[in-house]
Amino acid sequence: MMRRMWHGMAAAIVMSFSPAHADETRERQIPQDSLKSVPQMAPDAVPGREKPAAYLNGTNITVLAPIYEHAAGNVSYVRFYNQKTSTSTISVQVVGTPTGRVYGTASVTVPPKASIQLAYTQILQRAGVARDGYIGGDGGFSFYMNAGSNSSQSYQHVIHNADNGFFENMSVCQWDETGIEGLIDASLINVHTTSPYMTQYPSLISFHHYGNTSARYRIRIYRATDGALMESYTVTMRPKETFLEDAAWYQDTWKPLDVDSHMNIVFSRDDGGNFEGIPAHYVVNGRLGAVLNMSQFCHIGYTPVK
């Protein structure tokens, strides 16, 4: 199948996707010229990064700190990803710093294969906490996240500055992820689609097969807002092969609307062999002339390996 590019998409597009495409079994050919050069980020384009969250010795609890509460224009957004096939709920406690006072608890329900993005202010609102509503000497908030006994829930912490267009993946994983993926599949979350809303921030996806023999992988595309399956197809990788393509190649037949700005991509081995792939997600920031690595996301509430 030839690579397709969706050019000149406008907000007036109203074509909807037919679910029938998602059930097709088809093989796509990787373009021979797919490995592209990625421009380097300007050294002064990256502000000071957040430090790793303090270790919390509690089963099923994951800490996200610090929260960027409009600091120098930077705002924290949290993406909650559900890798399961059933709906799941994540509990988020709003904790004050430095007192450790619990201000309230928010509940986030995530459909299967969906990734729900919430600004920190939306989480505070769900917890019944006012922005800047500190008491007792506190000067900031942190989020303590609990998915119960469910180790298939994840999060990604992103900051965005609406004034200058800067954004960054600030995820710092607290738990050792050994054994969670199980070499079964791998996900990339909140990949930017080709919707007109994302024109200035196109996503690039790379995939490397490090096996010694050829392998067939299945690629499934899910709409991030509700987890709906939009695409499903296979690709065959040669040993040690890498390919790098933009979102248009992965979407193939799905033409997202303005509201469909994010998609989740799940890679799995489709020929019975072990998963031997390394996916990565990059975003080109057209406003800043920079490329950002958005691959990292973290599991919630996974007990460390002892």
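What follows draws every value from the coordinates through simple rules; no lab data is involved. Computed from a predicted structure; not experimentally measured. Please note: Cβ atoms are built from the backbone with ideal geometry, for glycine as well, and neighbour counts cover all protein chains shown.
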Fewest first, what order do Lys240, Lys255 take by the number of other Cβ atoms within 10 Å?
Lys240, Lys255
For Gln83, what charge total do you get from the other residues with a beta carbon under 9 Å from its beta carbon, if Lys and Arg give +1 and Asp and Glu give -1?
+1
Using a Förster distance of 45 angstrom, determine the FRET efficiency expected from the C-beta separation of Arg238 and Thr105, and round it to 0.05.
0.35
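Assigning unit charges at the beta carbon (Lys, Arg +1; Asp, Glu -1) and nothing else, what dipole magnitude in debye, to the nearest 20, does segment 187-306 show about its Cα centre?
The dipole magnitude comes to about 300 debye.
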For segment 203-306, go through all pairs of different Cα atoms, get the mean of 1/r, take its inverse, and jot down that Kirkwood value in Å.
15.4 Å
Cys298, Cys173 arranged by Cβ crowding within 10 Å, fewest neighbours leading
Cys173, Cys298
At a 10 Å Cβ-Cβ cut-off, how would you order Met170, Met230, Met263, fewest neighbours first?
Met170, Met230, Met263
Provide, for q = 0.12, 0.16, 0.17, 0.23 Å⁻¹, the log10 of I(q)/I(0) from a solvent-free Debye sum over equal Cα point scatterers in segment 81-212.
-0.62, -1.04, -1.14, -1.49
Between segment 245-306 and segment 95-109, how many Å separate their Cα centres?
30 Å
Be a star and scan segment 201-240 for residues whose amide nitrogen sits under 17 Å from the point 7 Å along the Cα-to-Cβ vector of Gln29.
234-238
